Amino acid sequence: MAEFITTNQAAKKLCVSVETVYNMLRDGRLGGRYSKGNGKLRGSWLVSIESIELFKKYTEIKSVYQLKEENSQGTLF
């Protein structure tokens, strides 16, 4: 059985904003479960711990400066 955590907890584990976690859930980079709210209550997301671990294992997040540094090495211009 899959274990789930809140979007706030997922954001802290991944060192990203909560909005980024929502975007990652919407586009499929993270797996989760959405529960609809009743009436005026909004729904909420729960994030699969397994999907976070897989994302961390297979993804490397780099800053723009790290990418520039990698691209400039070994070039003459």
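The values are calculated or read from the model by the stated rules, or taken from the named source; none is laboratory data. Treat the numbers as computed from the prediction; the structure is a model and nothing was measured. No Cβ is skipped: glycine too gets one built from the backbone with ideal geometry, and neighbour counts run over all protein chains shown. These accessible areas exclude ligands, DNA and RNA; they are computed on the full protein's heavy atoms, side chains included. Shrake-Rupley method; radii C 1.70, N 1.55, O 1.52, S 1.80 Å.
Things worth noting here:
- Restricting attention to segment 28-50 and to residues that are among the hydrophobic types (A, V, I, L, M, F, W, C) and outside any loop (DSSP other than H, G, I, E, B), the residue that is surrounded by the fewest Cβ atoms within 10 Å (Cβ to Cβ) turns out to be 49.
- Residues in segment 1-24 that are modelled with pLDDT of 95 or more, open to solvent by less than 60 Å² (accessible area, probe 1.4 Å) and in a helix (DSSP H, G or I): 7, 10, 11, 18, 20, 21, 24.
- Scanning segment 51-67 for residues that are open to solvent by less than 70 Å² (accessible area, probe 1.4 Å) and under 20 Å from residue 3 (Cα atoms) yields 51, 52, 55.
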